[in-house]
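The values are calculated or read from the model by the stated rules, or taken from the named source; none is laboratory data. Quantities reported herein were computed from a predicted structural model and do not represent experimental measurements. With ideal geometry, Cβ positions are generated from the backbone for all residues, glycine too; neighbour counts draw on all protein chains shown. Protein only, heavy atoms only, side chains kept; ligands, DNA and RNA dropped before computing areas. Shrake-Rupley method; radii C 1.70, N 1.55, O 1.52, S 1.80 Å.
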Amino acid sequence: AMPVSNIPDSMRLDRLLSQVTGLSRNHVKSLLRGDNVEVDGVSVRDAALQVNATQAITLREDAVEWPRERYVMLNKPAGYVCSTAEGAYPLVASLVDAPWADGLHSAGRLDADSTGLVLLTNDGQWSHALTSPRRQCVKSYVVTVKHPLQPGLVKRFAEGLMLNGEREPTLPAQLELIDTHTARVQICEGRYHQVKRMIAACSNRVVTLHREAIGHLVLDAALNPGEWRELTPEEISGV
Ligand code: URA
């Protein structure tokens with residue numbers, strides 16, 4: 001299912017406070033009991049009170065801003081997964097050390113062992129526009145492989161390859177040889193394990209896979225593995 005924005009027009013007071021501060025619901029409830037919260041100038045103790053974006057809400061006299069859309073680029077290290085359900089590996093969102101990180105989902109995925117650019121947002125429309133197959137936005141990867149790369153691969157990637165178990169060949173893709181075991185690959189699709197399977201279809205094997213760019217969004221060279229930053233307004237609206 002397509003993720004939707006998790007920002008409602010109204011919500012329970014305790015949920016708002018815990019989302020904005022990152023504090024637990026229990027901690028928030030004890031703050032409420034201690035008369036630390038005001039709504040439109042009146043002290044409120046009711047955790048279940050429905051509040052909305054037009055109201056002036058303060059916590060210990062500091063204004064509480066209504067949650068907003070967030071857009072993050074992350075340099076994903078190996079060993080993290082781009083899902084929302086925790087399994088064998090920790091989630092990429094756990095690398096985003098901000099109180100609002102909880103509601104983020106990734107726009108497109110990288111495998112657990114892949115590294116590089118992952119985009120995270122709570123804006124479902126934005127991530128859908130970016131990942132929609134109809135838009136065919138170009139994803140750029142640097143891949144290292146086990147066996148030497150044959151020059152003939154450039155043509156095979158450009159013509160489209162049959163992947164194991166699929167009926168339709170891949171769309172034209174670009175492969176640029178960097179050295180004997182390294183290439184830059186650009187694809188417009190996002191099939192399951194696509195780059196690894198394209199390399200496998202050419203009797204080779206991916207050793208490392210690093211994403212450099214999604215459409216016009218390029219991984220910031222200043223971000224070390226595990227680091228993130230919010231997108232600029234230009235980066236957000238260029239989608
Ligand atoms: N192709 C893959 O095989 N894995 C990724 O993580 C991304 C593209």
The condition of being within 26 Å of Leu104 (Cα to Cα), over 17 Å from the mean Cα position of the chain (by Cα) and β-branched (Val, Ile, Thr) holds, among Ile187, Ile199, Ile214, Ile236, only for Ile187
Result of the Cβ filter at 9 Å on the stretch 175-192, keeping first residues that are part of a strand (DSSP E or B) and partners that are among the acidic types (Asp, Glu) and within 13 Å of the ligand (Cβ to nearest atom), at least 6 apart or interchain, is Arg184/Glu212
For the stretch 142-174, the count of residues that are exposed (fewer than 13 other Cβ atoms within 10 Å of the Cβ) and in contact (Cβ under 8 Å) with a residue 60 or more places away in the chain equals 1
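Please pick out the residue among Pro99, Pro90 that is away from the ligand (no atom under 16 Å from the Cβ), free of Cβ contacts under 8 Å to residues at least 12 places away in the same chain and open to solvent by 30 Å² or more (accessible area, probe 1.4 Å). Quick ask: steps written out before the conclusion?
Numbers: Pro99 fails: free of Cβ contacts under 8 Å to residues at least 12 places away in the same chain.
On inspection, the qualifying residue turns out to be Pro90.
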Taking first residues from the stretch 39-59 that are among the β-branched types (Val, Ile, Thr) and second residues anywhere that are part of a strand (DSSP E or B) and open to solvent by 80 Å² or more (accessible area, probe 1.4 Å), the pairs with Cβ under 9 Å that are 6 or more apart or on different chains are Val51/Arg12
Out of all the residues in the stretch 47-62, is one or more within 30 Å of Ala173 (Cβ to Cβ) and open to solvent by 30 Å² or more (accessible area, probe 1.4 Å)?
-> no
The correct count of residues that are aliphatic (A, V, I, L, M) and exposed (fewer than 11 other Cβ atoms within 10 Å of the Cβ) in the stretch 23-46 is 1
